[in-house]
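Each reported figure results from applying straightforward, stated rules to the coordinates on display, with no laboratory input. Quick caveat: nothing in here was measured; it's all calculated off a predicted structure. We place every Cβ from the backbone using ideal geometry, glycine too, and count neighbours over all the protein chains shown.
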Amino acid sequence: MIFVTVGTYNFDELIGKIDAIANGFDEEIIGQIGNGEYIPKNYKFFRYAPSLNSYYDNARIIIGHGGAGTIFDILNRGKTFIGLSSPLVTDEHQIDLLDKLAKENYILWCKEIEQLGKHIELLKTIKLKRYEPPPCFMDKVIVDFLRK
Amino acid sequence: MNNKKTTPKIPVTIFLAIGGHTYEALCIVNKLSLYIQPSYIICEDNLLAEHKIEIPGPITNIKPSLYSSYRKITLSYFLLEIHSFLSALVVSLKHLKKFKSHAIISVGSGPSFATIVAAKLLRKKVIFIESACRIKSRSMCGNIVYKFFADLFIVQWKEQLKVYPKATYAGRPF
C-alpha cells in the first residue's frame, strides 16, 4: 500500500498529483488529505484520524511533506519515505530537512512534483538506509535544569 | 537522577501546537515520564493531540495565536491576533497557577508565545526546544524566545549550534 499524508493542514498539489498518476499503479493508495479542497477520484482517502500508526505500519511507501514530526515518526518505524516540501511553509526550512535526510540516504527527496511517479518507480532499484536516532541525553539536561 | 522512586515528580506544563510539533513534544515527555508530572496546554485547532498523549495529565485548551511559518505576519493580521493573544495569556496564567507548574516546555511553535510570556510573568522556567525541522535557520518564535525569554534553549541538530551559539545540543529523542 502507498500512503499519502499531508498532516495538520493541506497539500492539494500533492493529493492532486497522486490522483493523476494513481491508475498507473497496481497497488492500493490511501490518502490523508487534511483540510484540503482537492477530492481524490482514483484512490481512497480520509481527512484526519486520531492515529495514523496503522496506516504507517501497513504502508510499503509513505509520501508526505517535509515536517519533522511526520518524517521522524515514519523513519523511526523503519518505513520508506518520499518527501516533498510543502508550499504552505513560507520559508525554506522544510527543504533544509529534506536535503539533510536525503544526503544521508534516509529518505527520497522529490524536488519537482512532476517527478513523483519516477521517484516511486526508483524505489524498486535503490535501497535507503535504515534511520538510527542520534544518542539522546535531552531528558538528563532538562531534569538537571529543573532541579537547579 | 539517582533517587527515582523517592524524588517527587516536578509539575511541568507542555505546550502542544500543531501536529508535527506535538509528535516532537510528546517524544520528549515520554522520555521525562519518570521525573515530571505533565499538564498540557493544547491549541484548539490541534484536537487530535489529546489522543496522542501517553503520559496523562490535565489539559487546558487555548485559542491559537501567533503562527510563525504557516502565515504571513502583517500589521493588520498582528492587530487581529492581539485579542487571541491576550485571551491565551490569561488562560495560560490560570493554568500555570492552578497546576503549580515549575516550568513550561515548548517545541518550536509560534502559538506557544502567549504561554511563554505567562510563564515569565509568573517567574516560571521557560524551556524552549527548537523544532527538529530547523537545521540552518531560526524560526520566528525561536528567534524571539532565544533572545528574550528562554532559560534553557535546546536545539536538536549539531548544525543548529551555529545558528544559536548559546543553545544546548543534547541529541534527539526520535
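Tabulated data for the structure shown
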read-out: Under 15 Å, Cβ to Cβ, from A:TYR106 - net charge with Lys/Arg +1 and Asp/Glu -1; value: +3
read-out: Reference-scaled alpha-carbon Rg (2.2 N^0.38 Å with N residues) for chain B; value: 0.98
read-out: Charge dipole of the stretch A:1-83 about the Cα centre (unit charges at C-beta), most positive-ward option of A:ASN10, A:THR80, A:GLY64; value: A:THR80
read-out: Rg followed by Dmax, in Å, when the stretch A:1-98 is reduced to its Cα trace; value: 12.5, 37
read-out: Candidates B:TYR35, B:TYR23, B:TYR77, ranked by Gaussian network fluctuation over chain B, Cα under 10 Å, top entry; value: B:TYR77
read-out: Normalised per residue, the volume of the convex hull around the Cα set of the protein assembly as shown (Å³); value: 131
read-out: Computed FRET value (nearest 0.05) for B:ASP151 with A:MET1, which takes r as the C-beta separation and R₀ as 41 Å; value: 0.35
read-out: Helix-derived mean residue ellipticity, 222 nm - over chain A, DSSP H n ≥ 4, -39500 (n - 2.57), to 500; value: -9500 deg cm²/dmol
read-out: Förster radius 51 Å - calculated FRET efficiency between A:GLU27 and B:LEU80, Cβ distance, rounded to 0.05; value: 0.65
read-out: Violating pairs (Cα-Cα greater than 23 angstrom) within the set A:LYS127/B:LYS158; B:LYS63/B:LYS158; B:LYS31/B:LYS125; A:LYS44/A:LYS79; A:LYS148/B:LYS97; value: A:LYS127/B:LYS158; B:LYS63/B:LYS158
read-out: Neighbour net charge for A:ASP73 - beta-carbon separation under 13 angstrom, K R +1, D E -1; value: +2
read-out: Ranking of B:PHE153, B:PHE113, B:PHE78, A:PHE145 by count of other Cβ atoms within 10 Å, fewest first; value: B:PHE78, A:PHE145, B:PHE153, B:PHE113
read-out: Net charge, A:SER86 excluded, C-beta distance under 12 Å - Lys, Arg +1, Asp, Glu -1; value: -4
read-out: For the stretch B:6-65 versus the stretch A:64-85, the gap between their alpha-carbon centres in whole angstrom; value: 22
read-out: Dipole magnitude (debye, nearest 20) for the protein assembly as shown, charges at Cβ of Lys, Arg, Asp, Glu; value: 1640
read-out: Length-normalised contact order for chain B - Cα pairs under 8 Å, 6+ apart - percent; value: 21
read-out: Assigned charges on the beta-carbon of Lys, Arg, Asp, Glu; the stretch A:40-87 dipole about Cα centre (debye); value: 200
read-out: Student exercise, chain B dipole from Lys, Arg, Asp, Glu Cβ charges, in Debye to nearest 20; value: 580
read-out: Hypothetical label at A:ARG130: residues of the stretch A:54-94 whose amide nitrogen lies under 20 Å (7 Å Cα-Cβ projection); value: A:56-62, A:71-82
read-out: 12 Å Cα-Cα reach of A:LYS17 towards aspartates and glutamates, excluding residues that sit fewer than 8 places from it in its own chain; value: A:GLU112, A:GLU114
read-out: Rounded Å value of the spacing that divides the Cα centres of the stretch B:79-150 and the stretch A:1-29; value: 35
read-out: 10 Å Cβ neighbours from other chains, averaged over peptide B:23-33; value: 4
read-out: Sorted peptide list for A:100-106, A:48-54, A:122-128, criterion being average Cβ within 10 angstrom, highest first; value: A:100-106, A:48-54, A:122-128
read-out: Per-residue mean of C-beta atoms belonging to partner chains within 10 Å, peptide A:2-12; value: 2
read-out: Label-point separation, A:LEU122 to A:SER51 (7 Å along Cα→Cβ), nm; value: 3.3
